[in-house]
Amino acid sequence: MTLSEELILHQKINLPYRYTAGTVTETFLEGLTERTIRGTRCAACGHFSVPARPFCPVCSEHTSSTEDVEPLGHLESWTETPHESGSRVFALIRIADADNVALHLVDADPNTLEEGMALEPQWTPDPEAEITAIRAWRPIRET
Amino acid sequence: MAQVAVIGVGQSVHAPERNDVAHAELLQEAIDEALDDAGIELADIDNAVTASLDFYDGRTIANMAVAEVVGSYLKAESRVCSDAIHALTYGWSRIADGQFRLGLITAHCKESEGNLHDIENAAFDPFIERRLDADDDVVAGLYARTAFAHGAADRENAAALVAAARASASRNPKVAPLEMVDTAAVLESPVLATPLRTLDRAPRSDGSCVLVIASADTVAALDADPVWITGAAISTGRYWSDRHPLDMATLESARDEALAMAGWSSNVADVIEVSAKYSFQLQQFAAVLGADESDAGGAFNPSGGRHAGNPTVVAGLSRVAECVEQIRGRAGDRQVSRAEKAIAHGVTGLGAQAHAVVTMETAA
Ligand SMILES: [Zn+2]
């Protein structure tokens, strides 16, 4: 069969959703509007997660009470990917003294990045209750 | 526990775009071949476990779109949304349980039909990570940088495995021809997500794979050519961002359980077929499974593995099918000598979240 005989139908499924954040994620996202980052510490095993989350990834305990953390990150890994804007640098960032890491973007020349480097959040001018309230993280310049 | 054997295998030709067939037709190619191999009719099957992913198929309940060719009406059909090696472990347990005797395990996927970035992005949690517009390549890049920096994988050796896989593909009639490359060509291919290049990711593929599995009494009644499943285990790890890139506990858990079931020490397999979407993972997984990288294309992934061109969902089950053909001595130009014991591996999920390991042997 030649290509000209192959019939390809082009369609698009439009599926809008409204995702309920739930109590703990809501507390985290609302915190961002005040430029505050929140985590959850598991009462059963002590695991500390940032961002805050409703269940402990280690022991499955419900983690309902959040605490504000220092807005300081450390770079665990990064990757530069091509993008229509040129490129983007995604990173895994350990925020405060969390036991887990968080995905976000880094605003820096990837060639200057080093594992363990200290990072600070760059907030948008009028932060909304979305992770994009933090535009990106950037290395803290030594003074 | 009843003994379970694979008595029929079938694979479509896997190619970047199978525009000549729709999903059900693509799957039928493998079903026809597997039934013929087993010497049975579709109506003889008493249950089926199918594997597919709705987002790739572009419709919900995508298993019902292949129900006719699977022949599952009025039968116990069940479905997994994962690599089909999970469907095999499910179908295996049904027969091992004694409830069923002759099962069909099916896998199909056309990676060519949807937008892979959008499909992969939909797998991230919708509250935090999805908004950042990441995909599988981003996770792979983040993991690979750590793996290379800490010696869990090697940049040049990972590229060499891609070159070896493509060379093996030329001996595998079930995959479309791929351009032959050397290590330098992999390292010089366009950036995917640093430190990975586009050739580090398994090529886009459309394809299907099917197994017929049977209980021991059915094997005897059919006078079939069995390869016995002596161990089968699955293990699911934590979400990708809760798991360290070097943490192989999930795969180790599946390996240990399968090998214990088979009664093997770790290194007795004559053939090991490892599934990985990215080159550096192939190194990491091979090390855990006891495959020797220097045997790539020989005892380690004689088929070429996923980098020879098998789609998601199908890739792990294809590893099982290749092991069965090796043990039966029917692997053609890719046949390894004295293949009596084999390990097949499959993986699914963001950052390789869930692994499955299956051991196969000539005798139960
Ligand atoms: Zn806990």
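Please treat every number below as a calculation from the coordinates, not as lab data. This structure is a prediction, so every number in the text was calculated from the model and none was measured. Ideal geometry is used to build each Cβ from the backbone, glycine not excepted, and the neighbour counts take in all protein chains shown.
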Amide H to amide H, which residues 5 or more places from B:Asp206 or on other chains are under 5 Å from it, using H placed in the peptide plane? B:Ala15, B:Glu17, B:Arg18, B:Glu111
Computed over segment A:23-139, the relative contact order (Cα-Cα under 8 Å, seq sep at least six) in percent reads 24 percent
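First check a/c for the protein assembly as shown, with a ≥ b ≥ c the square roots of the eigenvalues of its C-alpha gyration tensor; if it is under 1.5, answer rounded, and if not, answer prolate when a/b is larger than b/c or oblate otherwise.
prolate
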For B:Val80, list long-range residues whose amide hydrogen, built 1.01 Å from N in the peptide plane, is under 5 Å from its own amide hydrogen. B:Thr50, B:Ala51, B:Ser52
Could you work out the helix-only [θ] at 222 nm for chain A, with each DSSP H run of four or more residues adding -39,500 (n - 2.57) and the total divided by the number of residues, to the nearest 500 deg cm²/dmol? -2500 deg cm²/dmol
Spin-label pair B:Asp154/B:Asp292, simplified geometry with 7 Å Cα→Cβ offset, distance in nm: 1.5 nm
Expected vector for segment B:52-64, Karplus 3J(HN,Hα) from phi with 6.51, -1.76, 1.60 and θ = phi - 60°, integer Hz, x for Gly and Pro, equals 6, 10, 4, 5, 6, 7, x, 7, 7, 6, 4, 5, 6
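Among the trypsin sites (Lys or Arg not before Pro) within segment A:23-115, which fall in a DSSP loop and have no more than 16 other Cβ atoms within 10 Å of their own Cβ? Please report the intermediate quantities before stating the final value.
Details: sites: A:Arg35, A:Arg38, A:Arg41, A:Arg88, A:Arg94; in loops: A:Arg35.
Answer by residue number: A:Arg35.
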Spatially proximal aspartates and glutamates relative to B:Lys341 (Cα-Cα < 15 Å; intrachain offsets below 8 disregarded): B:Asp270, B:Glu273, B:Glu322, B:Glu325, B:Glu361
Please list, ordered by chain and number, the residues whose modelled amide H lies under 5 Å from the amide H of A:Ser77; skip anything fewer than 5 residues away on the same chain. A:Leu92
For a quick check of your reading of the filter: which trypsin sites (Lys or Arg not before Pro) in segment B:38-95 sit in a DSSP loop and have no more than 14 other Cβ atoms within 10 Å? B:Arg59
Just to be sure I follow the definition: excluding the sites themselves, where is the longest run in chain B that has none of the GluC sites (Glu not before Pro) in a DSSP loop with at most 12 other Cβ atoms within 10 Å? B:180-364
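Per residue of B:135-142, count partner chain C-beta atoms within 10 Å of its C-beta, then hand back the mean as an integer.
Details: counts 2, 0, 4, 6, 4, 1, 7, 9.
Partner-chain Cβ atoms within 10 Å, mean over residues of B:135-142: 4.
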Quick one: 3J(HN,Hα) in Hz for segment B:282-287, Karplus 6.51/-1.76/1.60 with θ = phi - 60°, rounded, Gly and Pro as x. 4, 5, 5, 6, 4, 4
Can you give the mean number of other chain Cβ atoms that lie within 10 Å of the Cβ atoms in peptide B:122-129? 5
Springs between alpha-carbon pairs under 10 angstrom, Gaussian network model over chain B: which of B:Gly91, B:Gly114, B:Gly351 fluctuates most? B:Gly114
If you add up the charges near A:Ile95, with Lys and Arg at +1 and Asp and Glu at -1, over every other residue whose beta carbon is less than 13 angstrom from its beta carbon, what do you get? -4
When Cβ neighbours within 10 Å are restricted to other protein chains, what is their mean count per residue of peptide B:15-28? 1
Residue-wise HN-Hα coupling along segment B:156-170, computed from phi with Karplus coefficients 6.51, -1.76, 1.60 (Hz; x: Gly, Pro): 6, 5, 5, 5, 5, 5, 5, 4, 5, 5, 5, 5, 5, 4, 5
